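The structure appears below as structure tokens.
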Amino acid sequence: QVQLVESGGGAVHAGGSLRLSCAASIPNFWITTMAWYRQAPGKERELVGSITVTDSTDILASVKGRFSISRDNAKNMMFLQMNDLKPEDTGVYYCNRLATPTFNWGQGTQVTVSS
């Protein structure tokens, strides 16, 4: 059964850091381009970044240089390291595959950044 479980969110002050984790119970994780998404209050879900099977990453311009994505194929895990967080990074963060259709969404993990 496909399952995506995000964790690691929390409340931090601007300038702080968080590391999000994604436990992905999906078929063929090791050959799947994975992605992080986020949804801010009142806004649509947006793509934050993705990571290919060869660890090549593509990061949203507004977070480039502050966020980085990594993966551990042996553990079916993906990570989002977020540094120098800003209030505009507040939202619920989700992981999923980059390709459409995506898998069913997990519950996400809340990130709240205060100024």
Study note, to complete from the structure: How many residues of segment 38-51 are loosely packed, with under 15 Cβ neighbours inside 10 Å and either in contact (Cβ under 8 Å) with a residue 60 or more places away in the chain or not basic (Lys, Arg) (or both)? The answer is 6
Study note, to complete from the structure: Every listed condition ((1) open to solvent by 50 Å² or more (accessible area, probe 1.4 Å); (2) assigned to a strand (DSSP E or B); (3) within 19 Å of residue 101 (Cβ to Cβ)) holds for residue 11 save (3)
Study note, to complete from the structure: Those residues of segment 22-37 which are open to solvent by less than 20 Å² (accessible area, probe 1.4 Å) and within 15 Å of residue 80 (Cβ to Cβ) amount to 22, 24, 34, 35, 36
Study note, to complete from the structure: Checked pairs for segment 23-37, first under 17 Å from residue 7 (Cα atoms), second charged (D, E, K, R) and modelled with pLDDT of 95 or more, C-beta under 6 Å and 6 or more apart or across chains, list as 34/97; 37/45
**Study point:** Complete set of residues in segment 64-93 that are charged (D, E, K, R) and in a strand (DSSP E or B)
**Key:** 64, 71, 72
Revision key, fill the gap. (1) among the aliphatic types (A, V, I, L, M); (2) outside any strand (DSSP E or B); (3) touching a residue at least 60 places away in the same chain (Cβ under 8 Å) all hold for residue 113 apart from (2)
Exercise for review: Give me a count of the residues in segment 74-101 that are closer than 24 Å to residue 3 by Cα, surrounded by fewer than 15 Cβ atoms within 10 Å (Cβ to Cβ), modelled with pLDDT of 95 or more and not aliphatic (A, V, I, L, M).
Suggested key: 2
**Study point:** Filtered residues of segment 58-73 (kept if under 16 Å from residue 38 (Cβ atoms), of a type outside the set (Ser, Thr, Tyr) and open to solvent by 60 Å² or more (accessible area, probe 1.4 Å))
**Key:** 58, 61, 64
Exercise for review: Enumerate the pairs (first residue in segment 2-22 and without any contact (Cβ under 8 Å) to a residue 12 or more places away in the chain and farther than 14 Å from residue 36 by Cα; second residue anywhere and part of a strand (DSSP E or B) and among the aliphatic types (A, V, I, L, M)) with beta-carbon separation below 9 Å, excluding pairs fewer than 6 apart on the same chain, so at least 6 apart or on different chains.
Suggested key: none
Review point. Checking residue 1 against (1) of a type outside the set (Lys, Arg); (2) part of a loop (DSSP other than H, G, I, E, B); (3) more than 14 Å from residue 104 (Cα to Cα), which single condition isn't satisfied?
Key: (3)
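The values are calculated or read from the model by the stated rules, or taken from the named source; none is laboratory data. Here the structure is a predicted model, which is why all the values come from computation and not from measurement. Counting neighbours? That spans all protein chains shown, and the Cβs are built from the backbone with ideal geometry, glycine included. Areas reflect the complete protein model, heavy atoms only, side chains present, ligands, DNA and RNA absent. Shrake-Rupley method; radii C 1.70, N 1.55, O 1.52, S 1.80 Å.
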